[in-house]
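Asker: My questions all concern the structure below.
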Amino acid sequence: MLELEKKTSVIEKILVPIDDSEQASCAAELAGELASELSAQVILLHAYKMPIPMIPEVVWEEDRIEEGLCQLGNQLLDKAEQNIPKGVQVKKLLRRGYASDEILAVASNEEVDLIVMGTHGRGWLAEVILGSTAEAVIRSAVCPVLTVAHPIQHRCVQDQTGVIAGSLMR
């Protein structure tokens, strides 16, 4: 009799960009549940930019500013990790640079299978003027991108064939 191999998940690594928004927190929670059901790893990423001094006469203490930004970034990563179920493997990364560039670089370098990220949903005019990290990532990502704009109630169920079914409600 022919034995069938157990099918492994196509999604093994899920990248979750983290900022201080409710949307990012919701994205981390959803990614954690998916990772738990799929036995996948979650990679939490926070990217920060150094501010540009506007007044040349002001003493610029770049090292102290960067230290503060790193401390804040690590706090955000620790807080996001609390949304991930126990037993899910978590990797935390802190990167200096533009968020969209760092997300795309990590997705490629870590061979990520899915990006789950929050989006603020500001509207088309704000996106034209301000730009959108989510839009930039969606346009250039090497893998699928799932955006989360609102808190959702969900329940994921995996059947014997490995198919994930879920109910999502706003």
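Asker: Between residue 101 and residue 65, what is 0.36 nm times their sequence separation minus the Cα-Cα distance? Round to one decimal in nm.
Answerer: 10.8 nm
Asker: What does the accessible area per residue of the stretch 32-116 come to in Å², with a 1.4 Å probe and no ligands, DNA or RNA counted?
Answerer: So the stretch 32-116 comes to 61 Å² accessible per residue, rounded to a whole number.
Asker: Evaluate the stretch 28-97: find the radius of gyration of its Cα atoms, find its Kirkwood radius, and give the ratio Rg to Rh.
Answerer: 1.18
Asker: For residue 95, which sequence-distant residues (separation of 5 or more, or a different chain) have an amide H within less than 5 Å of its own amide H, given hydrogens modelled in the peptide plane?
Answerer: Placed amide hydrogens put 46, 47, 48 under 5 Å from residue 95.
Asker: Which peptide among 84-97, 33-46 comes first, and what is the full order, when sorted by highest mean count of other Cβ atoms within 10 Å?
Answerer: Peptide ranking by packing, descending: 33-46, 84-97.
Asker: Separate question: Gain in length, residue 78 to residue 20, computed as 0.36 nm per residue apart minus the alpha-carbon separation, to one decimal in nm?
Answerer: The span from residue 78 to residue 20 would gain 19.7 nm if fully extended.
Asker: Residue by residue through the stretch 89-100, what is 3J(HN,Hα) from phi via Karplus (6.51 cos²θ - 1.76 cosθ + 1.60, θ = phi - 60°)? Round to whole Hz and write x for glycine and proline.
Answerer: Going residue by residue, I get 6, 10, 10, 10, 10, 10, 10, 9, x, 5, 3, 4 Hz, with x marking Gly and Pro.
Asker: Long-range amide H contacts for residue 43: which residues qualify at under 5 Å (H placed 1.01 Å from N, peptide plane, sequence gap of 5 or more or a different chain)?
Answerer: For residue 43, whose amide H was placed from the backbone, the distant partners under 5 Å are 14, 15, 16, 91.
The values are calculated or read from the model by the stated rules, or taken from the named source; none is laboratory data. The structure presented is a predicted model; accordingly, all values stated were derived computationally and were not measured. Because the Cβ atoms are built from the backbone with ideal geometry, glycine has one as well, and the counts that use them run over all protein chains shown. Note: accessible area is taken over every heavy atom of the protein model, side chains too, but ligands, DNA and RNA are not part of it. Shrake-Rupley method; radii C 1.70, N 1.55, O 1.52, S 1.80 Å.
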